[in-house]
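Heads up: the structure comes next, in structure tokens.
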Amino acid sequence: EGSSPSPGTTSFMRRRKLLLWHFLRRVMNRKLLERRLKSIGALLRRQRMELSIADEQLRHLKNEADDARVRSLVSETALADRERRGSDQQARAMYRHHTLLSNEIAELEMQQDELLDQIAVLAEGSDV
């Protein structure tokens, strides 16, 4: 009947230390995951706010580029054409920035989902 070591034996103490080590590791992993989750959540909020601003700026720059295009067609001057190219260039740059922000948000959302999955796995393991 030696299937479970009795208290005070070296085997019992090793088993107890091992269980404590696994427990502490699980707790620390969960705390680390939760800290990263909060950090990603804060970054997501900032990126979404910046994306909202970029949306407004992009709409404005597109309208400005459209207006410059019409002025260029009507006036057919070198100055109007230069203004059109400048407006188009600004709108394209803002579009690239907007796309970059959208991609960063998508990546952060994936990281957030992965962290939530890891926390769920840890929670399931502690219920056993």
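The values are calculated or read from the model by the stated rules, or taken from the named source; none is laboratory data. What you see is a predicted model; the values in this text were computed from it and never measured. As a convention, Cβ positions derive from the backbone with ideal geometry for all residues, glycine included, and neighbour counts pool all protein chains shown. In case anyone asks, the SASA skips ligands and DNA or RNA and just uses the protein heavy atoms, side chains included. Shrake-Rupley method; radii C 1.70, N 1.55, O 1.52, S 1.80 Å.
Observations, loosely collected:
- Of the options (1) 8.4; (2) 11.3; (3) 7.9, only one is mean projected area of the Cα convex hull in nm² as computed from these coordinates, and that is (2).
- Theoretical ellipticity at 222 nm over the chain - DSSP helices of four or more residues, -39500 (n - 2.57) apiece, nearest 500: -34000 deg cm²/dmol
- Annotation: per residue accessible area for the chain equals 78 Å², rounded to a whole number [probe 1.4 Å, protein chains only].
- Residue order by solvent-accessible surface for VAL74, VAL27 is VAL74, VAL27, largest first, with ligands and nucleic acids left out and a 1.4 Å probe.
- Summing +1 for each Lys or Arg and -1 for each Asp or Glu among the other residues whose beta-carbon sits under 14 angstrom from that of ASN103 gives -2.
- About its Cα centre, the chain has a charge dipole of approximately 900 debye under the convention of +1 per Lys or Arg Cβ and -1 per Asp or Glu Cβ, with nothing else charged.
- For GLU50, GLU124, the ranking by accessible surface with the largest value first comes to GLU124, GLU50, using a 1.4 Å probe.
- Under 15 Å, Cβ to Cβ, from ASN63 - net charge with Lys/Arg +1 and Asp/Glu -1: -1
- Inter-site label distance for ARG15 and LEU122 at 7 Å from Cα along Cβ, in nm: 2.7 nm
- Solvent-accessible ranking of LEU43, LEU20, largest area first, probe 1.4 Å: LEU20, LEU43
- Solvent-accessible surface (1.4 Å probe) assigned to LYS31 amounts to roughly 120 Å².
- Mean shadow area of region 56-128, taken as a quarter of the surface of its Cα convex hull (nm²): 5.4 nm²
- Degrees separating the helix 10-75 axis from the principal Cα axis of the chain, which is the longest one: 10 degrees
- Heavy-atom accessible surface of the chain: percent carbon and sulfur, 1.4 Å: 55 percent
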